[in-house]
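Presented below is the structure to which this report refers.
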Amino acid sequence: MHSSLPRRLPLEEIQAFVEVAMAGSFSAGAERLSLSHSSLSRKVAHLEDRLGVRLFERKARGVQLTVEGAAHFLRFRDALDLIGGALRQGSRAQPDTVRLSLLYSFAEDWLFPRHTRLAARTNGIRVRYLFDRRPIDFTDGTDLAIRYGLGIWQGTRGIALGEEDVQPMAGAAIAAEIGPEAILRYPLVHVGSEQTWRSWFEAQGHVYRLRSIDHVFEEQPMVVAAVRHGLGIGMSRPAGRHLVDGVTLVHVSSHVLPLQARFHLVRDAVRPLRPAARLYAEALLAEAGLAQERIDGFLN
């Protein structure tokens with residue numbers, strides 16, 4: 001069969017262009033796609049070279065579509081909508097596959113270690129793991145999501161998977177040198193921002209502000225790795241507390257700070273769960289130790 005289509009359609013470049021146009025800037029588009037600014041810029045530049053036109057006028061605050069860019073935007077947006085619709089139809093044709101959007105840190109620390117037990121509870125239902133930190137969007141065929149926060153996401157229903165708290169931990173070399181009073185002599189390792197460490201110090205009656213020697217990472221597994229290798233002192237969390245073995249990782253303070261933010265299992269607030277997704281959600285919540293009454297309230 002012969003085709004007039006090119007061997008490789010530049011779908012990634014087209015999606016990058018459409019996201020930037022909709023977001024109004026390369027920075028916002030990069031965040032929506034979880035790409036670096038430079039990677040997104042290259043994709044758009046490749047598409048401009050392929051089309052032989054300039055798609056954007058770069059402004060001091062964001063970008064503006066050129067006349068040619070506006071025309072291409074409408075065509076490409078409609079084409080991506082058609083592709084998305086076809087993919088959603090395809091996902092509905094696979095009723096036994098559950099699409100789960102989740103965070104890498106939750107998968108490594110909590111979900112994957114329980115994979116065997118969850119498979120047994122669900123008779124081996126297939127799960128497609130979609131690693132994504134962007135706002136939840138159930139219109140793309142996603143069944144369930146795991147997100148971290150206060151549990152308030154518009155258009156969704158969420159249920160907390162357990163209590164959340166933090167406790168200072170250090171690698172063996174640093175732990176052998178200090179007591180709790182000496183924590184501030186070392187770099188502190190953070191997830192996302194310094195707020196958790198700041199709250200922990202406030203609970204002890206001390207003031208803390210982020211310093212140039214401190215480190216900020218986006219995911220908890222990076223914090224654990226950094227602490228294990230002596231980059232500084234971080235916080236352990238319940239999902240990964242089994243890693244604090246007293247040898248390679250050691251708690252260096254007995255002070256535990258309860259947190260309001262937690263991991264939540266999230267579903268669409270209106271659309272009923274498909275049977276496979278319902279079974280998987282019930283198994284996951286039971287594995288988390290939730291009472292059946294609370295599980296039924298989330299599912300129904």
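Consider segment 151-171 and keep the residues that are aliphatic (A, V, I, L, M) and modelled with pLDDT of 90 or more. The one that is farthest from Thr139 (Cα to Cα) is Ala170.
Give me the strands (runs of 3 or more DSSP E) completely within segment 55-117, filtered to those with at least 3 residues that are over 30 Å from Pro275 (Cα atoms) and at pLDDT 90 or above, ordered by residue number. Steps first, please.
On the way: elements: 56-59, 62-65, 97-102.
In segment 55-117, no matching strands (runs of 3 or more DSSP E) lie anywhere.
Selection of segment 94-130 for residues being without any contact (Cβ under 8 Å) to a residue 40 or more places away in the chain, surrounded by fewer than 17 Cβ atoms within 10 Å (Cβ to Cβ) and closer than 26 Å to Gly192 by Cα yields Phe112, Pro113, Tyr129, Leu130.
Note on segment 160-263: enclosed strands (runs of 3 or more DSSP E) holding 1 or more residues that are under 19 Å from the mean Cα position of the chain (by Cα) and under 30 Å from Ile295 (Cβ atoms) are 164-171, 189-191, 234-236, 257-259.
Return the residues of segment 267-289 that are buried (at least 17 other Cβ atoms within 10 Å of the Cβ) and out of contact with any helix residue (DSSP H, G or I) (no Cβ under 9 Å at 6 or more places or on another chain); say none if nothing qualifies. Ala276, Ala277 - these are the residues of segment 267-289 that are buried (at least 17 other Cβ atoms within 10 Å of the Cβ) and out of contact with any helix residue (DSSP H, G or I) (no Cβ under 9 Å at 6 or more places or on another chain).
The values are calculated or read from the model by the stated rules, or taken from the named source; none is laboratory data. None of these values were measured; they are calculated from a predicted model. Every residue, glycine as well, gets a Cβ built from its backbone with ideal geometry; the counts of neighbours run over all protein chains shown.
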